[in-house]
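Inspection log for the structure reproduced underneath, given as structure tokens.
The values are calculated or read from the model by the stated rules, or taken from the named source; none is laboratory data. Just so we're clear, the structure is a prediction, and the values are computed from it rather than from any experiment. Reconstructed Cβ throughout: ideal geometry from the backbone, glycine too, with neighbour counts over all protein chains shown.
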Amino acid sequence: MLKFIRAGMYTSVQDGGREGQRQWGISRCGALDKPAMTIANLLVGNAPEAAALEITLGQIDVQFTRHCWFALTGAACEATLDGAPVWLGWRMEAKAGQRLVLKNPQHGIRSYLAVAGGIDVPEVLGSRSTDLKVGIGGIEGAGCRMAIK
């Protein structure tokens with residue numbers, strides 16, 4: 001699980017998006033920087049369009065509640081794992097209890113955090129992506145726990 005200490009300005013679960021729902025008023029959603037999300041997923045062995053966290057303007061603090069591998073891509077921001085630097089675009093190991101902190105990006109807006117095995121939130125209409133307009137997908141908000149597969 002991931003436990004949010006601080007969820008930042010806007011952090012959501014996104015994947016490749018949901019297709020074929022526009023006639024019902026449901027947008028595609030999905031990652032805004034799909035190449036960055038895809039790279040993060042491939043680095044940890046997930047399917048390219050697996051669910052990941054889309055982090056807008058950094059400022060998050062999450063705690064890993066079990067051992068896992070993760071990758072951070074997208075916006076160039078300072079990131080640390082228990083105070084040690086995290087390299088963007090690399091597969092990294094996290095142990096249970098460690099905290100990942102992202103600061104404001106120096107360049108870009110959105111960062112992507114992929115975890116080996118994927119983000120385990122319910123699939124709605126063929127996607128795990130958050131759609132705030134209609135209130136489906138993703139997670140309930142800050143301070144919650146999110147399962148990882």
Out of Gly74, Gly30, report the one residue that is in contact with a Leu (Cβ under 9 Å, 6 or more places away or on another chain) and closer than 20 Å to Ala7 by Cα.
-> Gly74
Any idea which residue in segment 19-37 is nearest to the chain's Cα centre (by Cα), counting only those that are part of a helix (DSSP H, G or I) and within 18 Å of Thr56 (Cβ to Cβ)?
-> Met37
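Please find, within segment 1-18, the residue that is modelled with the highest pLDDT out of those that are of a type in the set (D, E, K, R) and assigned to a loop (DSSP other than H, G, I, E, B). Reasoning before the result, please.
The first filter runs over segment 1-18 and keeps only residues of a type in the set (D, E, K, R), leaving 3, 6, 15, 18.
Pick out the ones that are also assigned to a loop (DSSP other than H, G, I, E, B) and you get 15, 18.
Numbers: Asp15: 95, Arg18: 88.
Across segment 1-18, the extreme among qualifying residues is Asp15.
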Consider Thr56 carefully, then state whether it is out of contact with any Pro (no Cβ under 9 Å at 6 or more places or on another chain), over 19 Å from Thr130 (Cα atoms) and among the hydroxyl-bearing types (Ser, Thr, Tyr).
-> no
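Applying the selection to segment 1-38, what residues are of a type in the set (A, V, I, L, M, F, W, C) and in contact with a Pro (Cβ under 9 Å, 6 or more places away or on another chain)?
Of the residues in segment 1-38, the ones of a type in the set (A, V, I, L, M, F, W, C) are 1-2, 4-5, 7, 9, 13, 24, 26, 29, 31-32, 36-37.
The answer is Met37, and nothing else.
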Give the number of residues within segment 109-138 that are crowded, with 21+ Cβ neighbours inside 10 Å, modelled with pLDDT under 95 and either in contact with a Phe, Trp or Tyr (Cβ under 6 Å, 6 or more places away or on another chain) or β-branched (Val, Ile, Thr) (or both).
-> 2
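Yes/no per residue for (1) at pLDDT below 95; (2) of a type in the set (A, V, I, L, M, F, W, C); (3) at positive phi:
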residue	(1), (2), (3)
Gly45	no, no, yes
Thr56	yes, no, no
Gly74	no, no, yes
Ala94	no, yes, no
Per the filter on segment 40-61, residues in contact (Cβ under 8 Å) with a residue 60 or more places away in the chain and farther than 22 Å from Glu123 by Cβ are Leu43
